[in-house]
Amino acid sequence: MGKSRKHKFLFVLLALFLLYGFWLGCNLLRFKTYGDSSLPASSREIKGAYHIHSLFSDGRKSIDEIAKLAARRSVDFIILTDHGHPNVESLAEQGWKQGVLVLAGSELSVSRGHLVGLGFDVPSRPFSQNAEDAVSEIQSAGGFSIIAHPYSKVSWTWGEFIDYSGIEIINANTFLKKNFLGMIPYLPAFLIKPKYALLRMLKSPERNLRKWDELNLIHPIYGYFGVDAHLLYGPLLDFLHLHLLLPEPLAEDFGKAKDQILTALRKGRFYNAIDAAAQAKGFRFWAEAGQRRIPMGGVSRLLSPLSIHVRATFPFSKEICLIRNGKRILHSREDNLVYEAKEAGIYRVEVYLKQRSPLAEDIPWILSNPIFIRKENP
Ligand SMILES: [Zn+2]
Ligand SMILES: [Zn+2]
């Protein structure tokens, strides 16, 4: 290569590099999380990160280190899910740490894929490798099961529906691995504004949502956003949250507080949110039939009148979508939505952010759990 051609080549390379730096810099400067995380939510709404691995399986930090990071990020609780049948070491570490409630279940590798068991007592012998047997053993030990990342890493093979309590709709670790090539231009962002890079990494969870709607027609099952953290704990603890609505403020006593959280999860009294894009606290979804209020996760007979309510009072623009049996029936950019339900069905809500955001437009920023309206008495 001649000297002048070499210079030209280096000049083009430098120009491209500067252009790239300018493009990324502008994007990072413009990025902000909407809403104010320091504003207290109601004492009955708490938020936490679910699906976390520690040194007790393939995670990179100890539980104490993870709890310390969580305490700096205004999460009320974290749920560890170390691999094991169950992972006894991880379960033994539960308690209040650094002001954060640390709960643990286990992620089991079973015949159909990965299954998260929560809320069980340590069994006298290991849980089965067979999916159906493991679900019933977890249940006999007082717990409940969630299908983890059904379409990635280890895909779930679907058999007859058994008593699963939940299914993961978003699993952050999955996207991190799947979209690694597409993420290369954003890699420097992980050092400067990791939340921006994580938001860019997400893709629409459409396939999981369709399957969830299909399963709900057979049996109530609740949707979860999980971080599946093995590293990048700080940014991931800030990224996706379960927002639980409790009948009473969280107890100080560990045993009571643990019960409150597990009960809310068992009953579907929670919604999911990508809080890194915008703070979702304050979102509400419920139904009213006369004097009766039916909460998220609740079941009711179709009464007349029966109204469905959504409250999404946020100081930025968003779109509420009301969904019945998997189909969008209504959308609104207002803060409140009221719908007179004349038909039975499985009603749930997705909220999309309509402000400039690295979160793609086809990813629900908030995902509620359903309210089940039956023709007959439940
Ligand atoms: Zn897994
Ligand atoms: Zn996992």
Quiz item: When segment 201-232 is examined, which residues are found to be small (Gly, Ala, Ser) and open to solvent by less than 10 Å² (accessible area, probe 1.4 Å)?
Solution: Gly223, Gly226, Ala229
Practice problem: Could you tell me whether any residue of segment 177-197 is within 16 Å of ligand 1 (Cβ to nearest atom), under 30 Å from Leu29 (Cβ atoms) and open to solvent by 20 Å² or more (accessible area, probe 1.4 Å)? | Solution: yes
Self-check item: From Arg73, Arg30, residue being modelled with pLDDT under 95 and within 14 Å of Tyr233 (Cβ to Cβ)
Solution: Arg73
Self-check item: Residues satisfying the stated conditions in segment 261-301, i.e. more than 13 Å from Leu242 (Cα to Cα), in contact with a strand residue (DSSP E or B) (Cβ under 9 Å, 6 or more places away or on another chain) and of a type in the set (Ser, Thr, Tyr)
Solution: Ser300
Quiz item: Do we have any residue at all in segment 286-296 that's open to solvent by 20 Å² or more (accessible area, probe 1.4 Å), more than 30 Å from Leu359 (Cβ to Cβ) and in a loop (DSSP other than H, G, I, E, B)?
Solution: yes
Quiz item: Yes or no: Ser106 within 16 Å of ligand 2 (Cβ to nearest atom), touching a residue at least 24 places away in the same chain (Cβ under 8 Å) and assigned to a strand (DSSP E or B)?
Solution: yes
Quiz item: Here are some conditions: (1) away from ligand 1 (no atom under 16 Å from the Cβ); (2) outside any helix (DSSP H, G or I); (3) open to solvent by 60 Å² or more (accessible area, probe 1.4 Å). Phe56 meets all but one. Which one does it not meet?
Solution: (1)
Quiz prompt | Residues that are surrounded by 14 or more Cβ atoms within 10 Å (Cβ to Cβ) and without any contact (Cβ under 8 Å) to a residue 24 or more places away in the chain, drawn from segment 332-376 | solution = Ser332
Self-check item: Check on Lys61, outside any strand (DSSP E or B), surrounded by fewer than 21 Cβ atoms within 10 Å (Cβ to Cβ) and within 16 Å of ligand 2 (Cβ to nearest atom)
Solution: yes
Exercise. Could you pull out the residue among Leu217, Leu231 that is within 16 Å of ligand 1 (Cβ to nearest atom), at pLDDT below 95 and over 13 Å from the mean Cα position of the chain (by Cα)?
Key: Leu231
Quiz item: In segment 80-137, what count of residues is obtained for those that are open to solvent by 50 Å² or more (accessible area, probe 1.4 Å), of a type in the set (Ser, Thr, Tyr) and within 16 Å of ligand 1 (Cβ to nearest atom)?
Solution: 2
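The values are calculated or read from the model by the stated rules, or taken from the named source; none is laboratory data. Quick caveat: nothing in here was measured; it's all calculated off a predicted structure. Here Cβ is always computed from backbone atoms with ideal geometry, including for glycine, and neighbour counts include all displayed protein chains. The protein model used for the area step is the full one, side chains on, heavy atoms only, and it has no ligands, DNA or RNA in it. Shrake-Rupley method; radii C 1.70, N 1.55, O 1.52, S 1.80 Å.
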